[in-house]
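S.K.: Okay, here's the structure, questions in a sec.
Taken together, the values in this text are just the output of simple stated rules run on the coordinates, not laboratory data. Keep in mind that what you see is a predicted model, and the values were worked out from it rather than measured. Note that each Cβ is placed from the backbone with ideal geometry, even for glycine, and that neighbours are counted across all protein chains shown.
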Amino acid sequence: MTLTNGTYHIVNVETGFRLDGNEQKEIYGHVPNGRGFQDWQLTKVENFDDRFLIKSEKTNLCLDTNADKEVYGHSENGGENQIWIIQENSDKTYQLQNLANDAVLDGNKEGKIYCNKLNGGNFQKWRFQLVR
């Protein structure tokens, strides 16, 4: 599937958790719950097919990271920490690599979300389910 601008659920392949967040700027994985915090707007960065800004529809906070590879929500600021290079894997899943720190979005069975060096594991693979 070619990703375009739209609203998606972003699902971790290993855990089945959806990417989730809250108004306290925390980002985590959680079972599907229909509360809207799991709806993420993808907006392509101009002149790039694989770079996106990912923003929570509910909180209006962007998926952001820092040099320590922590992941959190932050108001849109135009920084490279909020730009994600989304590349399709051969198994039709996706990896999300941050433009600023080159690390990829990762998670664990406890629902913690963070960035890490690419290792090809299923915790670093994501599926996108189009909502609208």
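S.K.: What is the sum of charges around Glu23, taking Lys and Arg as +1, Asp and Glu as -1, for the other residues whose C-beta is under 13 Å from the C-beta of Glu23?
M.R.: 0
S.K.: Additional query: Taking 8 Å as the Cα distance limit and 6 or more residues as the minimum spacing, I'd like the relative contact order of the range 6-130 as a percentage.
M.R.: The value is 27 percent.
S.K.: Chymotrypsin sites (Phe, Trp or Tyr not before Pro) within the range 14-96: which are DSSP loop residues with at most 11 other Cβ atoms inside 10 Å?
M.R.: For chymotrypsin sites (Phe, Trp or Tyr not before Pro) across the range 14-96 that sit outside H, G, I, E and B with at most 11 neighbouring Cβ atoms in 10 Å, the list reads Phe48.
S.K.: Here is a further query. Could I have the simple spin-label model distance between Glu57 and Lys44, label points 7 Å from Cα toward Cβ, reported in nm to one decimal?
M.R.: Here the answer is 2.0 nm between the modelled labels.
S.K.: Loop only per DSSP, at most 10 neighbouring Cβ atoms within 10 Å: give me the GluC sites (Glu not before Pro) in the range 33-116, ordered by residue number.
M.R.: Glu46, Glu110
S.K.: Roughly how big is the range 6-130's charge dipole about its Cα centre, with Cβ charges of +1 (Lys, Arg) and -1 (Asp, Glu), in debye to the nearest 20?
M.R.: Roughly 320 debye, rounded to the nearest 20.
S.K.: Another one. Within the set of other residues whose C-beta is less than 14 Å from the C-beta of Lys44, count the net charge using Lys and Arg as +1 and Asp and Glu as -1.
M.R.: Neighbourhood net charge equals -1.
S.K.: What whole-number distance in Å separates the alpha-carbon centres of the range 1-36 and the range 44-123?
M.R.: A separation of 12 Å, based on Cα centres.
S.K.: Further question on the same structure: Where Rh is the Kirkwood radius over the Cα pairs of the range 6-130, the temperature 10 °C and the viscosity 1.306 mPa s, what D in µm²/s does Stokes-Einstein return?
M.R.: Answer from the Stokes-Einstein relation: 113 µm²/s.
S.K.: Taking K and R as +1 and D and E as -1, what net charge do the other residues with C-beta under 13 Å from the C-beta of Gly6 add up to?
M.R.: In short, +1.
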